[in-house]
Structures are given as C-alpha cells and as structure tokens.
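Below is one structure, written out as structure tokens; comments come after it.
The values are calculated or read from the model by the stated rules, or taken from the named source; none is laboratory data. What you see is a predicted model; the values in this text were computed from it and never measured. Every residue, glycine as well, gets a Cβ built from its backbone with ideal geometry; the counts of neighbours run over all protein chains shown.
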Amino acid sequence: MLLGRDSEMAAVERALADARLGRSAALVIRGEAGIGKTSLLRFAVEGAVEMRVLAARGVQFEADVPFSGLDELLRPTLSLLERLPATHATALRSSLGLGERVETDRLLVGAATLGLISGYAEQAPVLVVVDDAQWLDRASAEALAFAARRLLADPVAVLITVRDGEDSTLIDAGLPELRLSPLDHAAAAALLERAAADTVDPHVAGAILDTAGGNPLALVELAAEAAKLAYAAAGSPLPVATTVERAYLRRAVGLPEGARRALLLMAAAGSADLAAIHRAGDVLGLQAPDVHAAEATTGLVVERGGRLEFVHPLARAAVYHAAPPADRREAHRALAAVATDPDDADRRAWHLAAAATGRDAAAATALEAAGQRARERAAHASAAAAFEEAARLSEPGEARMARLLAAAENAWMAGNGGQAIKLLEAARRLDPGGGLRLDIDDLAGHIALRQGAVREGFRMQVATAQAVQRTDRLKAVRILVDAALATYGAGYPAEILPATEQALELLRPDDPADVAACVHVAYGALAILAGRGSEGPRHLRASVDLFRSISVASWDPLLFACAGTAGNFLREAETGRELLSQALSGAREYAPAAALPTVLFMIGRDAATTERWAEARGYYEEGARLARDTTQFIWLACILTGLAWLDALEGRDEECRSHAAEGRALSERYGMSLHTAWSLTALAELELGLGRPEAAIVHLVGCQALLAEMQVLDPDLAPAPLLVDAYLRVGRVDDARTEARDYQQLAEAKGQPFALARAARVRGLLAVDDEFEAEFEAALRHHDGTPDTFERARTQLCYGERLRRARRRVQARRQLRAALAAFDRLGARPWAARALTELIASGESARVRDDNSRHSLTPQELQVALALAEGRTTREAAAKLYLSPKTIEYHLRNVYDKLEIRSREELASMLRAPG
Ligand SMILES: Nc1ncnc2c1ncn2[C@@H]1O[C@H](COP(=O)(O)OP(=O)(O)OP(=O)(O)O)[C@@H](O)[C@H]1O
Ligand SMILES: [Mg+2]
C-alpha cells in the first residue's frame with residue numbers, strides 16, 4: 001500500500017479507466033530519486049486487471065544500445081508486424097534487428113510503434129509502462145514519444161517515469177505530467193513506523209524524518225538503520241554520511257573479496273542475464289558461491305525471470321561508483337569477453353570501451369561497427385555516441401577524424417546541431433587535409449545554413465564547393481544547389497545567384513538528369529527572386545522536363561525539395577504542378593523525416609494559390625506537426641506564415657495573428673527574412689479583408705522596405721498591387737501612382753501570367769473612366785493562365801467596383817457576382833462580404849452561402865476528412881497521417897457531426913473543389 005499518495009493513485013486510476021473506455025491517456029511521472037515513481041507504476045500494473053501490459057525500463061548503462069528499450073516494450077506485439085504498412089514494418093524490423101537491414105527513417109519507426117501498440121489494443125485495453133525513461137536509449141524514446149503523442153481514441157494508457165535532473169525526449173513530448181512531491185509528515189511518519197523492525201525511539205524518528213525530507217526511499221533505508229542511529233542521535237542531527245547510497249553500500253560492507261567483485265560485475269552488466277554473469281565470473285576466476293553470496297547476503301540484487309536486478313537503481317549506481325576504476329574496467333573486460341552472441345555486439349563494444357585505458361584500437365573498431373549498425377537502423381543518437389567514443393579511443397589521425405565526422409553526421413541527423421558542430425570543430429583541430437577536410441566543411445556549412453547562421457553557412461558552402469570542384473565536379477554542383485535553396489529564404493538573392501550560375505557552368509550535357517534538374521531549379525528560383533526577367537521561368541520549365549525522366553524511387557530529399565520549388569515558382573496553371581504530388585508521395589514513402597515538412601509546405605503553398613484551400617490547410621497543419629516533431633524550425637516558420645496568409649484570406653483573425661507572430665519570430669531567429677516579409681503580407685491581407693486599409697498600409701510598407709533591403713525583385717512577392725489598392729481606398733492617389741510605376745517594369749520583365757495579371761489590375765485601378773475596362777479585361781485574360789482563383793476574384797471585385805462607380809450596373813453585377821461566387825466557394829469570408837456589399841449597392845439582392853461547417857473543423861479533423869475524401873480506407877488514412885485507425889474513426893465521427901453528413905461520398909463532394 002502506498003502511503004500519502006491518494007491523489008496520485010486516483011490520477012493513475014483515471015488513466016486506466018479512460019483506457020478501458022477507449023480513450024487514450026498518458027502521464028509522465030516525474031520526481032527525485034526514491035520519491036516513489038516506480039512504486040506508482042507498480043500500483044498501476046496491479047490495477048490493470050483485464051488489460052494487457054507492455055513494459056520496458058531504461059537501464060543506466062544501456063542508454064547507448066539502440067532500440068533496446070523498444071525491443072523490450074514491443075516484444076509481445078511483434079506478431080502484428082504483418083498487418084502494418086510494408087514500409088513501416090520494414091523500418092521497424094530493421095531497427096529491432098529482426099529483418100534485413102535497410103536505411104530507415106525515424107518517423108517510420110515511430111509510426112510502426114504506434115501501429116503495433118494500437119493494433120495490440122484492438123484485442124484488449126493496453127497499459128504501457130516505461131520506468132526510468134531517462135535511461136531509455138534515445139531512438140526508443142523518440143519512437144515512443146511519437147506514438148504517445150498520437151494516441152487519442154485507442155484504449156491505451158501510457159505511464160512513463162523520468163527521474164528529476166535527468167533528460168529525456170519524453171519530457172519534451174508535451175504529454176501531461178504528474179509530479180511526485182515529498183510525502184507529508186503524517187504519511188512519512190507512518191511509513192517510517194511500517195518500515196522499522198522495532199519501535200523507533202522518538203528522537204531518532206524525529207531525526208530520520210528531518211533527514212529524509214519526505215523521501216520514501218530515504219525513510220525505508222534509514223528505518224533499517226534506526227537501531228544503529230539510536231546511539232548517534234540523542235538530539236544531534238544525523239551524520240551527513242547517512243545518505244541513501246551509503247545505506248546501500250553498508251549492506252555490502254564485509255563481503256568477501258570474491259562476492260564483492262561479483263556484485264560489481266552485476267552492477268556493470270546492465271541488463272545481462274544470470275548465465276552471462278556466471279560466465280563472466282568464470283573469466284575473472286570467481287566461483288559460483290561468490291555470485292550467490294553477492295546476491296543472497298546483501299539483499300541488493302534479486303533474480304527475476306533469469307535476470308539479476310538491483311533492488312533500486314541507486315543501489316546499482318552506489319555499488320558501481322564506489323568500486324576502484326581498475327576493478328570496474330576488469331568487470332567490463334570480462335563482460336565483453338562473454339558477450340559473443342552476435343545480438344550482443346553493441347553491448348560488447350560498449351563494455352570494451354569501458355574497459356579501455358587510453359587509446360584502444362580493438363574497442364574503437366568494435367564501437368565504429370556498433371555506430372554503423374545504429375546508423376542503419378536510424379538510431380542516430382546512439383550512432384553518434386558510438387562514433388564519438390570510437391574517436392576518443394583512436395590514435396589521432398585519419399581514422400579518428402573519420403569517426404568524429406561520422407559522429408557529427410549522426411548527431412545532426414538526430415536533431416542535435418550543437419553537438420554536431422562541436423564534433424566537427426574537434427575533427428578540424430586534427431587538421432585533416434584532402435577529402436575528409438572538405439566533407440567536414442561541407443557538413444559544417446550545411447548545418448550552419450539550417451541553424452540560423454544562414455548567410456555565413458552559405459559562404460562556407462560556396463568555399464567548399466570551390467575546393468571540391470576539381471576532384472568531384474558533381475559533388476560541387478550538389479553543394480551549390482543545396483546551399484542556394486537553403487539560403488533563398490534569407491533574402492539577398494543577388495548574393496546567392498552567382499553560386500547557381502557557377503553550378504550551371506559546371507554542368508555538362510551528359511550529366512545525370514537529376515543533377516541537371518536541380519541546377520535548373522536553383523538557378524531559376526534565384527533568377528526570379530533577383531528579378532532576372534524571363535530567365536528564371538525558362539530554366540524552371542527546363543527542369544520540369546528533366547524531372548519527368550527520373551523515377552520517383554530514386555529521388556532523395558534534395559530532389560523532392562527541388563521538384564516542389566519548381567512547381568511553386570512557376571505559378572502556372574499546368575506546368576510543374578504534377579511534380580508536387582509526385583514529390584509528396586515519394587517523400588512520404590522514402591524519406592518522411594527528412595523531406596516531408598519541406599514538401600508539405602510547398603504543396604500546401606500550391607494548394608493555397610489555387611482553389612484547394614481546405615487541402616492547403618490540411619497540408620500545412622500536417623507539415624507543422626512534423627516540422628515540430630523533427631525540429632525543422634525553418635520549415636516550421638515557412639508553414640506558419642503560410643497558414644497566417646491563408647487565415648487572413650479566410651478571415652480568421654486571431655489564428656492569423658498568432659500564426660504570423662510565431663512564424664515571424666522563428667523567421668527572425670533563423671534569419672529567414674523572406675518569411676518575415678511574408679508574415680507581414682499575411683497581416684496586411686487580414687487588414688485589407690477587414691476593410692482597414694490604413695492598418696494594411698503599415699504592414700505593406702514594412703514588407704516593402706524589407707524586400708527592398710534584401711533586393712528581392714520578384715514581382716509576385718512585391719506588395720505593390722495591394723499597396724496601390726490600399727492607397728486608393730484612403731485617397732492617396734499620388735502614392736498609388738508611384739507604387740504602380742515601379743511595379744509594371746518588374747512584372748513585364750518576368751512575363752509570367754500571374755505577374756502580368758496583377759500588373760494589369762493595378763493599371764485598371766488607376767485608369768481613367770474610359771480606359772479601365774481594357775486593363776481589367778487584359779488582367780482577366782492573364783488570370784486564365786494561372787490557377788489562383790482568389791486573385792482572379794479579387795481582380796473581378798476591383799473591376800466590378802469601378803464599373804459600379806461608372807454607373808454601368810449591369811456589367812458591374814456580372815463581375816461582382818462572379819467574384820462573390822468565387823470567394824464564397826473558397827471560404828474567403830471577409831471578401832465574400834465585401835463583394836456582397838458591392839453587389840447590393842449595385843442593385844442586386846444576393847446572399848452568401850452559409851458555410852460555417854468547414855471552418856469549424858479542427859486541423860486534425862480536416863486532415864482526416866481530406867485523407868478519407870481522397871478515397872482512402874481508414875487504415876490507409878491512418879498510415880498516411882501516422883495516426884491509429886481508431887483515432888481516424890474518432891475524428892471522422894466528429895467530422896460527420898459537424899458537417900451533418902453520413903457518408904464518405906458526401907464528405908468527398910463537400911471538400912473537393914467544386915467544378
Ligand atoms: N507512497 C509510498 N508509500 C510507501 N512506500 C513507498 C511510497 N513511495 C515509495 N515507497 C517506497 O520507497 C522506495 C523507493 O520508491 P521507488 O523505487 O518507487 O522510487 P523511485 O521514484 O522510482 O526512485 P528512482 O528515481 O530512483 O527510480 C521503495 O522501497 C518503495 O516501496
Ligand atoms: Mg524507480
């Protein structure tokens with residue numbers, strides 16, 4: 001029975017009850033060592049009647065053995081692997097060492113973990129308990145965090161303990177926390193009484209209660225010493241040495257030498273089984289009775305299912321750290337010697353490392369191999385640790401550098417840029433020459449580009465490309481393309497363009513199509529931003545032809561990003577758009593963690609500039625979630641500003657402001673000024689829609705200044721068309737004219753339909769009465785060549801307003817009706833309201849469709865609805881969105897209720913763009 005934990009036990013019982021009712025629950029139980037976390041988990045397991053339990057536990061010296069935690073946790077569920085989508089199953093099999101080893105993606109491992117847990121829960125409610133998560137290997141913790149965050153409507157309760165002062169991915173997973181504080185005085189006194197063999201002298205009891213400070217472990221351990229303490233107490237404070245760890249150590253005092261070494265062997269062994277301990281004991285010349293004595297007489301270890309476990313992690317730590325270093329090394333050496341099973345290769349490597357003094361080539365080689373295995377299983381954090389340790393054990397020189405570089409690569413892939421940079425600096429200090437030096441610089445630049453020092457990273461990359469171009473031309477080309485595309489969000493295209501020109505020069509006619517395609521995209525995009533007229537579109541179109549000849553299976557993240565960029569920059573009705581959906585399905589299948597946030601942003605942006613706004617929101621929301629999951633904050637910034645812009649057009653005031661604020665803050669943090677500018681456009685659009693041109697002007701002028709400073713000359717980013725409109729609305733005609741003049745040139749030079757349409761609209765706005773008609777008609781013809789329904793409707797609204805003021809009511813009504821219909825269909829509510837007002841003023845009685853339903857869906861509901869509306873089954877939708885089928889069904893029920901529909905057909909017809 002737990003004392004003094006009523007509310008905590010109630011919380012645990014609630015979680016279990018929720019799971020039984022088909023609602024997922026999760027709790028991260030936190031508190032200091034010995035406060036009662038494990039005890040609370042035990043209470044949960046005892047209470048989990050008629051539930052199935054999945055359990056795992058972090059072990060202090062095993063944190064670097066990749067997937068050891070997940071392996072333990074998921075073992076009972078593995079028969080369900082068959083039912084997972086093939087890519088998920090393959091990823092997990094490879095990670096757990098159950099199947100062919102393939103390069104896997106960590107999101108796929110997370111998705112598979114979720115699939116197994118939710119599949120297991122289809123037969124009975126499930127309790128997942130993970131104790132000591134601070135020592136879980138990071139790959140397991142990430143997969144578990146990914147799954148736990150996505151459980152919603154499955155009968156699963158997840159309880160995780162993390163000790164205070166330690167780190168775990170699971171702390172940052174955003175799961176609800178339960179904090180264990182010290183026991184109150186009454187509970188502490190009761191525990192002391194229960195734990196002591198005899199009645200405790202009141203003075204001693206007082207002293208123990210003071211010292212223990214409500215920590216149950218301290219109470220239990222000190223109670224056992226109460227008799228001895230009676231002499232010391234007598235009103236004075238307890239000796240400082242009376243800590244819990246000392247209490248454990250005292251139990252081992254007086255052990256014979258053999259038993260002492262056996263105990264140390266157990267502490268060093270991590271989770272080795274009893275047979276392995278005996279074999280390692282043999283190596284050390286210990287006898288079976290030694291092992292037995294260590295176990296039996298101290299009461300510090302107990303045997304459970306063939307494994308030896310310490311009664312408490314602190315007991316293990318106390319024994320281990322109290323031993324002389326030489327003895328610890330000897331224990332590890334023996335454990336390594338007996339870890340001959342291929343499955344134990346990682347453990348063996350770490351034991352060898354712990355046994356080493358100074359440099360040790362054999363241990364280093366073993367760790368390097370462990371790092372390689374971890375890397376192939378997408379356990380990048382473990383791989384980084386293994387390579388780093390391998391480097392530490394190597395002689396300075398080529399091998400050590402290569403290991404540091406490998407450690408850095410893996411740290412970066414694990415999302416730990418800071419560690420990666422430190423490792424690269426260490427590698428540089430070894431002063432490598434030649435190829436390795438270039439690889440080190442390449443990675444350093446690549447990281448800098450994505451960590452905020454964008455322009456500086458760009459310069460580093462250009463230098464690296466310069467150095468590598470003579471020996472490896474194609475590598476230089478790739479570095480330049482990657483650098484240019486990663487940097488363009490920072491603005492200053494004139495500084496970046498030369499790098500893409502250089503890539504273009506390096507290209508030869510018989511180079512592979514994928515390399516050529518990327519070069520054309522990079523050059524094309526930068527040429528557009530730098531205002532190089534029709535140059536940009538020409539190269540982008542060339543890339544589109546090349547992409548068609550490349551099979552999707554051979555695409556890598558850079559190619560996915562390039563394909564998306566081409567589609568986005570062209571903004572044409574036909575060219576390049578099918579590339580986006582190809583890139584999306586490819587990224588989903590082959591490289592979700594690396595490429596999905598990027599591609600989702602691009603396809604979201606594309607959908608937002610057509611009629612498919614609901615889809616756009618769905619893509620953005622999914623992208624934002626994955627970008628947060630994988631800490632890709634630059635893409636998160638893009639997506640948030642994209643969302644803000646969409647919010648603005650839909651008239652979602654608060655959401656727009658908060659998305660814009662977060663997007664802008666991130667853009668500024670990472671130096672992505674182009675997105676800062678974009679967040680200002682979003683705010684301006686919001687004000688314009690709400691009929692507040694003055695407020696809009698402030699944002700637009702700010703945006704324009706920013707773009708001018710960065711010398712961004714892409715007319716499609718220029719706020720001029722909006723500014724002209726806003727100035728005219730407040731009567732600042734001269735300012736409007738000045739704006740318009742500069743803009744015309746840019747638009748004509750680019751020559752793309754979108755730019756030409758907006759330019760013609762601006763001319764229409766400023767034209768005198770007998771000229772505006774021709775301009776607006778020209779604008780509408782250009783609009784026909786772009787898929788952007790909203791901008792077309794905006795032109796029609798302006799046109800209609802002009803016609804009405806010119807008292808040409810019949811024609812005015814035709815334009816206004818078309819504008820209203822389009823705004824209405826899109827869900828651009830403030831704009832529909834404005835079109836309606838104009839239409840009524842022109843003498844027509846009309847109304848807007850009352851379509852609040854779509855707006856009331858949550859982001860997650862919308863994503864689910866879209867996935868199903870595209871014709872997927874529940875399971876397919878679950879696999880696509882990395883959710884469980886139950887969660888899909890749950891959201892679908894809400895969607896049906898909100899939209900007042902009954903079938904997926906109705907859903908499809910409701911969400912798909914009409915016409
Ligand atoms: N509320 C309680 N009532 C009675 N005994 C308790 C209570 N909480 C903990 N204990 C006892 O205290 C000891 C330590 O508890 P426990 O092992 O659960 O701590 P912990 O928080 O898991 O520590 P660690 O961080 O080191 O894993 C155990 O012997 C346990 O039985
Ligand atoms: Mg514990």
task = Could you tell me whether the range 276-290 includes any residue that is closer than 30 Å to Ser39 by Cα, surrounded by fewer than 16 Cβ atoms within 10 Å (Cβ to Cβ) and among the hydrophobic types (A, V, I, L, M, F, W, C)?
result = no
remark   = Only one of Val49, Val65 is in contact with an Asp or Glu (Cβ under 7 Å, 6 or more places away or on another chain), of a type in the set (A, V, I, L, M) and outside any helix (DSSP H, G or I), namely Val65
note = Residue count, the range 149-184, condition away from ligand 1 (no atom under 16 Å from the Cβ), hydrophobic (A, V, I, L, M, F, W, C) and modelled with pLDDT under 95, comes to 5
task = Using the structure shown, decide if Ala262 is touching a residue at least 24 places away in the same chain (Cβ under 8 Å) and either under 26 Å from Ala224 (Cβ atoms) or more than 16 Å from ligand 2 (Cβ to nearest atom) (or both).
result = yes
query = Would the range 732-740 turn up any residue that is within 30 Å of Glu495 (Cα to Cα), at pLDDT below 95, of a type in the set (A, V, I, L, M) and out of contact with any Cys (no Cβ under 9 Å at 6 or more places or on another chain)?
reply = yes
key: Verdict on Glu389 being touching a residue at least 12 places away in the same chain (Cβ under 8 Å) and either out of contact with any helix residue (DSSP H, G or I) (no Cβ under 8 Å at 6 or more places or on another chain) or in a helix (DSSP H, G or I) (or both)   = yes
request  = Give the residue that is nearest to Pro885 (Cα to Cα), with candidates limited to residues of the range 146-173 that are β-branched (Val, Ile, Thr) and away from ligand 2 (no atom under 14 Å from the Cβ).
outcome  = Val156
request  = Exactly one condition in (1) under 25 Å from Glu748 (Cα atoms); (2) touching a Lys or Arg at 6+ places or on another chain (Cβ under 9 Å) is not met by Asp511; state its number.
outcome  = (1)
inquiry  = Checking the condition within 9 Å of ligand 1 (Cβ to nearest atom) and modelled with pLDDT of 95 or more, which residue from Leu16, Leu40, Leu27, Leu54 passes?
reply    = Leu40
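Which ones in the range 46-58 are more than 10 Å from Asp131 (Cβ to Cβ) and either among the β-branched types (Val, Ile, Thr) or within 15 Å of ligand 2 (Cβ to nearest atom) (or both)? Even if it seems obvious, please write down each step before you answer.
Step one: filter the range 46-58 for residues more than 10 Å from Asp131 (Cβ to Cβ), giving 46-54.
Selection gives Val49, Val53.
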The one condition in (1) free of Cβ contacts under 8 Å to residues at least 60 places away in the same chain; (2) closer than 20 Å to Leu881 by Cβ that Ala682 fails to fulfil = (2)
request  = Tell me, yes or no, whether the range 137-145 has at least one residue that is away from ligand 2 (no atom under 16 Å from the Cβ), of a type in the set (Ser, Thr, Tyr), in contact (Cβ under 8 Å) with a residue 40 or more places away in the chain and over 20 Å from Arg5 (Cα atoms).
outcome  = yes
remark   = Out of (1) at pLDDT below 90; (2) within 16 Å of ligand 2 (Cβ to nearest atom), the one Glu103 does not meet is (2)
inquiry  = Within the range 23-37, does at least one residue satisfy the condition of being in contact with a helix residue (DSSP H, G or I) (Cβ under 6 Å, 6 or more places away or on another chain), in a helix (DSSP H, G or I) and within 16 Å of ligand 2 (Cβ to nearest atom)?
reply    = no
request  = Sort out which residues of the range 337-388 are over 23 Å from Asp282 (Cβ atoms), surrounded by fewer than 24 Cβ atoms within 10 Å (Cβ to Cβ) and among the small types (Gly, Ala, Ser), and write them in order of number.
outcome  = Gly358, Ala361, Ala369
request  = Give, as residue ranges, the helices (runs of 4 or more DSSP H) completely inside the range 296-364 that count at least 3 residues that are under 36 Å from the mean Cα position of the chain (by Cα).
outcome  = 313-322, 345-355
Residue in the range 210-265 that is modelled with the lowest pLDDT, counting only those that are among the β-branched types (Val, Ile, Thr) and in a loop (DSSP other than H, G, I, E, B) = Val240
Test for Ser79: is it over 17 Å from Leu178 (Cβ atoms), free of Cβ contacts under 8 Å to residues at least 12 places away in the same chain and either of a type outside the set (Asp, Glu) or in a helix (DSSP H, G or I) (or both) = yes
ask   = Any chance the range 7-18 includes a residue that's within 14 Å of ligand 2 (Cβ to nearest atom) and either over 23 Å from Ala212 (Cα atoms) or free of Cβ contacts under 8 Å to residues at least 12 places away in the same chain (or both)?
value = no
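Can you name every residue in the range 617-626 that is buried (at least 24 other Cβ atoms within 10 Å of the Cβ) and among the hydrophobic types (A, V, I, L, M, F, W, C)? First the steps, then the outcome.
As a first pass, look at the range 617-626 and keep what is buried (at least 24 other Cβ atoms within 10 Å of the Cβ): 617-620, 622-624.
Correct list: Ala624 only.
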query = Condition test on Leu722, is it at pLDDT 95 or above and closer than 19 Å to Ala793 by Cα?
reply = yes
ask   = How many of the residues in the range 675-728 are closer than 25 Å to Gly533 by Cβ, of a type in the set (A, V, I, L, M) and in a helix (DSSP H, G or I)?
value = 10
query = For the range 501-600, list the helices (runs of 4 or more DSSP H) that sit wholly inside it and hold at least 3 residues that are modelled with pLDDT of 90 or more; which are they?
reply = 513-529, 535-548
key: Candidates Glu694, Glu685, Glu748, Glu709, filtered to the one that is closer than 28 Å to Ile634 by Cβ and surrounded by fewer than 21 Cβ atoms within 10 Å (Cβ to Cβ)   = Glu709
